[in-house]
Amino acid sequence: MEEKNIPSADNMDSDRLIPIELMYLSMIRGWADDTKTDFAGKSVERAEALLRRMKQRVGLEPNVKLWTIVLEGWCKRAGIVRGAMTRAEALLSEMEANGENDEKKSFRPNVLTYTSFIGGLARSKENDKARRAEAILD
């Protein structure tokens, strides 16, 4: 399939995904969920890289579901991988900033995004993360 023949996500129902989106979803979820053997964060780094390449290579903007999967992947590694919550917080900040300009609201963080982030903060061994979780709740 040539990239220029891929249908636009704007022309589709929000509940339906085109095959290329399903492929990205499966791959991103697989890398992000690989917590049993990923003690250095390499798998979730691959998921994040794939998320960022999605727009560059096939011209599709990843939706909040894909961003949340990657954010949750970092959160699952809190307390195990150094800097995992820093990466998750950077993703959340990026989502919030981009979500403000998103007219369709497909990029804004949702309840699951914030719940995943707060769960990661709870697992984190860093001292200042409790204050951050409380700020998110407020």
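For region 86-138, a residue qualifies if it is outside any helix (DSSP H, G or I) and polar (S, T, N, Q), and the qualifying residues are Asn101, Ser106, Asn110, Ser124, Asn127. Just one residue in the set Gly83, Gly41 is small (Gly, Ala, Ser) and in contact with a helix residue (DSSP H, G or I) (Cβ under 7 Å, 6 or more places away or on another chain); that residue is Gly41. Taken over region 91-138, the criterion of being closer than 16 Å to Leu66 by Cα, modelled with pLDDT under 90 and of a type in the set (Ser, Thr, Tyr) is satisfied by Ser106 alone. Within region 119-133, can one find any residue that is surrounded by fewer than 21 Cβ atoms within 10 Å (Cβ to Cβ) and among the acidic types (Asp, Glu)? Checked region 119-133: at least one residue is surrounded by fewer than 21 Cβ atoms within 10 Å (Cβ to Cβ) and among the acidic types (Asp, Glu). Can you find even one residue in region 63-85 that is in contact with a Leu (Cβ under 7 Å, 6 or more places away or on another chain), open to solvent by less than 50 Å² (accessible area, probe 1.4 Å), touching a residue at least 40 places away in the same chain (Cβ under 8 Å) and of a type in the set (D, E, K, R)? No, region 63-85 contains no residue that is in contact with a Leu (Cβ under 7 Å, 6 or more places away or on another chain), open to solvent by less than 50 Å² (accessible area, probe 1.4 Å), touching a residue at least 40 places away in the same chain (Cβ under 8 Å) and of a type in the set (D, E, K, R).
Within the option set Ala88, Ala47, being under 14 Å from Gly120 (Cβ atoms) and either modelled with pLDDT under 95 or open to solvent by less than 30 Å² (accessible area, probe 1.4 Å) (or both) holds for one residue only, Ala88.
The values are calculated or read from the model by the stated rules, or taken from the named source; none is laboratory data. Quick caveat, the model's predicted, so the values are computed rather than measured. Positions of Cβ are backbone-derived with ideal geometry, glycine not excepted, and every protein chain shown enters the neighbour counts. The area values use the complete protein model at the heavy-atom level, side chains included, leaving out ligands, DNA and RNA. Shrake-Rupley method; radii C 1.70, N 1.55, O 1.52, S 1.80 Å.
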